[in-house]
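The values are calculated or read from the model by the stated rules, or taken from the named source; none is laboratory data. Nothing here was measured: the structure is a model prediction, and the numbers come from that model. Please note: Cβ atoms are built from the backbone with ideal geometry, for glycine as well, and neighbour counts cover all protein chains shown.
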Ligand SMILES: Cc1cc2nc3c(=O)[nH]c(=O)nc-3n(C[C@H](O)[C@H](O)[C@H](O)COP(=O)(O)O)c2cc1C
């Protein structure tokens with residue numbers, strides 16, 4: 001099932017600026033995150049995931065810095081990371097239920113990818129732009145996964161913002177968790193939800 005995507009084009013090959021595709025339009029118009037409780041086996045294999053990540057990295061990236069990295073949780077690593085999260089909460093005297101939820105949190109999907117924003121602080125490309133690129137990457141990963149038949153959801157939850165959880169991911173002082181992207185197979189459809197519409201959100205510039 002690997003090699004579902006065309007290979008990366010050679011450098012300097014002129015590429016079309018538009019690629020009309022009814023399938024791509026339908027994917028964008030109908031895409032939906034999975035409810036985090038209905039993701040199950042199977043998930044992408046390590047080879048499939050590597051291919052998805054390779055495609056997902058094809059995002060706008062000012063000055064080609066590649067300001068992101070990934071920590072992948074598959075198989076037993078999910079249990080171990082969950083146990084570490086539970087240990088953090090237990091050390092803070094959290095309620096048993098919270099500890100248990102943390103312990104099981106990574107087992108809600110066969111594959112979880114922590115997308116880490118890892119900005120280069122050379123004073124040239126604003127960190128904000130690099131963090132936006134990490135966000136684009138999370139979304140691109142979801143789209144690449146959806147287009148390959150996998151369901152997914154982008155979560156942060158408390159661990160993304162927790163200093164001790166950050167130590168488990170070896171976050172540096174400038175790095176942040178952009179998201180834990182959960183990937184797998186949807187065991188049930190997820191109902192559509194209320195969505196923000198264009199009302200009041202689109203202004204056309206008419207002068208100062
Ligand atoms: C940065 C980011 C973090 C998110 N974290 C959570 C989260 O922790 N828990 C959650 O239920 N949804 C979270 N969401 C929302 C889901 O990813 C998803 O967008 C939402 O469930 C609606 O699904 P949709 O993508 O089909 O609109 C987050 C979204 C973003 C962009």
Scan the stretch 134-170 residue by residue and report those that are part of a helix (DSSP H, G or I), within 11 Å of the ligand (Cβ to nearest atom) and under 19 Å from residue 81 (Cα atoms).
-> 158, 159, 160, 161
Out of 186, 170, 208, sole residue that is more than 26 Å from residue 65 (Cα to Cα) and either at pLDDT 95 or above or surrounded by 12 or more Cβ atoms within 10 Å (Cβ to Cβ) (or both) = 186
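Matching residues to (1) over 30 Å from residue 194 (Cα atoms); (2) in contact with a helix residue (DSSP H, G or I) (Cβ under 8 Å, 6 or more places away or on another chain); (3) in a loop (DSSP other than H, G, I, E, B):
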{"residue": "32", "(1), (2), (3)": "no, no, yes"}
{"residue": "42", "(1), (2), (3)": "no, no, yes"}
{"residue": "54", "(1), (2), (3)": "yes, no, no"}
{"residue": "70", "(1), (2), (3)": "yes, yes, no"}
Of the listed residues (53, 89), the one being closer than 28 Å to residue 40 by Cβ and under 12 Å from the mean Cα position of the chain (by Cα) is 53
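Only residues that are more than 10 Å from the ligand (Cβ to nearest atom) and surrounded by 18 or more Cβ atoms within 10 Å (Cβ to Cβ): list them for the stretch 114-130, please. Break it down into steps so the answer makes sense when it comes.
Our first condition is that a residue be more than 10 Å from the ligand (Cβ to nearest atom); within the stretch 114-130, this holds for 114, 116-130.
Within the stretch 114-130, 114, 116, 117, 118, 119, 125, 130 qualify.
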Return only the number of the condition from (1) more than 16 Å from the ligand (Cβ to nearest atom); (2) touching a residue at least 40 places away in the same chain (Cβ under 8 Å); (3) buried (at least 19 other Cβ atoms within 10 Å of the Cβ); (4) under 18 Å from residue 184 (Cα atoms) that residue 61 does not satisfy.
-> (4)
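Taking the stated definitions as given, is residue 27 assigned to a helix (DSSP H, G or I), in contact with a helix residue (DSSP H, G or I) (Cβ under 8 Å, 6 or more places away or on another chain) and surrounded by fewer than 14 Cβ atoms within 10 Å (Cβ to Cβ)? Explain how you work it out, then say what you get.
Details: assigned to a helix (DSSP H, G or I): yes; in contact with a helix residue (DSSP H, G or I) (Cβ under 8 Å, 6 or more places away or on another chain): yes; surrounded by fewer than 14 Cβ atoms within 10 Å (Cβ to Cβ): yes.
Considered against the rule, which asks whether it is assigned to a helix (DSSP H, G or I), in contact with a helix residue (DSSP H, G or I) (Cβ under 8 Å, 6 or more places away or on another chain) and surrounded by fewer than 14 Cβ atoms within 10 Å (Cβ to Cβ), residue 27 comes out as yes.
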If you scan the stretch 171-208, which residues turn out to be farther than 21 Å from residue 104 by Cβ, in a loop (DSSP other than H, G, I, E, B) and in contact with a strand residue (DSSP E or B) (Cβ under 8 Å, 6 or more places away or on another chain)?
-> 171, 175
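Against the condition under 20 Å from the mean Cα position of the chain (by Cα) and buried (at least 17 other Cβ atoms within 10 Å of the Cβ), how does residue 43 come out, does it pass? Walk me through it before giving the result.
Numbers: under 20 Å from the mean Cα position of the chain (by Cα): yes; buried (at least 17 other Cβ atoms within 10 Å of the Cβ): yes.
Against the criterion (under 20 Å from the mean Cα position of the chain (by Cα) and buried (at least 17 other Cβ atoms within 10 Å of the Cβ)), residue 43 qualifies.
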